[in-house]
Amino acid sequence: MRWTESDIAIYEKEREYVDTAVLPLIPISMTSSVKTTVSMGEYISIISGELERQLKGRLLLMPAFTYLQTENSESRVERLKQVEEELYQGGIKHIITLSADVEWKQSEAQLSSALLWMPAIPLEHMDEQYKMETVSAQVKQVLQFVTNTWQSNTNS
Amino acid sequence: MAKKNEVTRRQFLNYSLTGVGGFMAAGMLMPMVRFAIDPLLKEGAKQDFVPVMDTSEITNKPVRKEFKIDQVDGWYESEVTQSAWVYKDEKDEIVALSPVCKHLGCTVDWSSNPAYPDQFFCPCHAGRYTKDGMNVPGTPPLAPLDVYNKKVQDGKLYLGKPEPR
Ligand code: FES
């Protein structure tokens with residue numbers, strides 16, 4: 001489900017079925033390596049959008065968590081933890097964070113959400129068909145990761 | 001001496017100001033009203049049929065096909081990806097089912113649950129459907145999968161809109 005009034009109305013009714021939040025982590029920079037920064041964000045947005053489309057009945061796609069490339073990692077982690085806390089309070093059981101920024105890898109241990117890191121594939125020069133295939137191959141893996149998270153938690 | 005029908009200075013000013021004010025208000029409101037009902041005015045261009053695959057590729061095992069359609073949603077016109085599960089049934093008829101689960105809208109997968117190899121399975125809350133798209137009672141979905149409008153032309157399968165049964 002998306003962060004829109006109409007989807008949230010369904011969410012309120014079906015809370016027991018929607019136990020997972022997807023949180024894209026998107027960096028901002030207007031001064032250095034702007035293009036790489038943008039491409040990370042664009043790729044992650046596409047993947048999260050697709051993920052939502054396929055599993056919309058059980059997950060809520062949150063507005064992205066944004067941070068400046070220059071923000072130090074303690075402060076990012078601190079802020080992200082607050083978001084996590086809020087989501088858990090709201091009844092979310094699993095949080096999946098998606099990022100193309102390798103720096104989050106180092107902070108993974110401090111987070112309670114499941115971090116899914118993937119390198120941004122530049123889609124800019126691909127033709128439509130190839131783009132779709134590339135994205136859907138990546139999405140397949142992401143789906144696998146998400147359904148595994150669900151399974152490991154129901155079995156334990 | 002003012003005659004009965006003569007307009008006094010005050011009345012004249014009042015009338016003319018209301019008139020001008022009215023025009024101004026109308027000038028402001030009209031675009032707003034138009035803007036608000038615009039999507040209703042240009043009643044959606046009917047969803048056309050989109051070529052999806054060669055009919056010769058279709059077997060009795062459901063395969064998932066993705067295709068893009070133009071969708072008009074309010075003021076936005078965008079390309080959205082849609083998919084269909086396509087196969088031939090026992091009577092050799094082509095069937096194209098929407099993969100959107102009738103419970104809360106996840107995408108169902110064919111044969112992905114080892115315990116039910118001949119069914120569509122929804123990864124979200126374990127909803128199940130038989131091959132013809134009928135929901136399995138006792139699982140969360142309460143309706144069968146939607147069926148695509150379809151047509152075959154020059155050996156190609158074209159899909160239109162998914163319709164509920
Ligand atoms: S969305 Fe398919 S079973 Fe709930």
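Before moving on, here are some points about what is shown:
- Net +/- balance of residues flanking B:PHE120 in space, Cβ distance below 12 Å, scoring K and R +1, D and E -1: +1
- Average other protein chain Cβ within 10 Å of Cβ, residues A:55-68: 3
- Rel. contact order, % - alpha carbon contacts under 8 angstrom, at least six apart, chain A: 27
- Total formal charge among the other residues, if their Cβ is under 9 angstrom from that of B:SER111, Lys/Arg +1 and Asp/Glu -1: -1
- Scattering profile of the protein assembly as shown at q = 0.07, 0.09, 0.16 Å⁻¹ [log10 I(q)/I(0), Debye over alpha-carbon scatterers]: -0.41, -0.61, -1.42
- Fewest-first sequence of A:ILE44, B:ILE69 by Cβ atoms within 10 Å of each Cβ: B:ILE69, A:ILE44
- Mean partner shielding of peptide B:117-124, defined as the number of other chain Cβ atoms within 10 Å of each residue Cβ, is 3.
- Here segment B:50-163 is assigned +1 on the Cβ of each Lys and Arg and -1 on the Cβ of each Asp and Glu. Its dipole about the Cα centre then comes out at about 220 debye.
- Given charges at Cβ of Lys, Arg, Asp, Glu: the protein assembly as shown dipole, positive-most of A:VAL142, B:ILE58, A:TYR11: A:TYR11
- Net charge of neighbours whose Cβ lies under 15 Å from the Cβ of A:GLN138, counting Lys and Arg as +1 and Asp and Glu as -1: -2
- Overall Cα dimensions of segment B:119-165 - principal axes, largest extent first, Å: 42, 17, 16
- Peptide B:128-138 is shielded by partner chain Cβ atoms: per residue, an average of 0 of them sit within 10 Å of its Cβ.
- Cα-only Debye scattering, segment A:5-155: base-10 log of I(q)/I(0) at q = 0.12, 0.18 Å⁻¹: -0.52, -1.14
- Annotation: the residues A:ILE47, A:ILE8, A:ILE92, sorted from fewest to most other C-beta atoms within 10 Å of their own C-beta, follow the order A:ILE8, A:ILE92, A:ILE47.
- Residues A:VAL34, B:VAL86, B:VAL108, arranged from fewest to most other Cβ atoms within 10 angstrom of their Cβ, appear as A:VAL34, B:VAL86, B:VAL108.
No lab work stands behind these numbers, since they all come straight from the coordinates. No experiment lies behind these values; they were computed from the predicted model shown. Every residue, glycine as well, gets a Cβ built from its backbone with ideal geometry; the counts of neighbours run over all protein chains shown.
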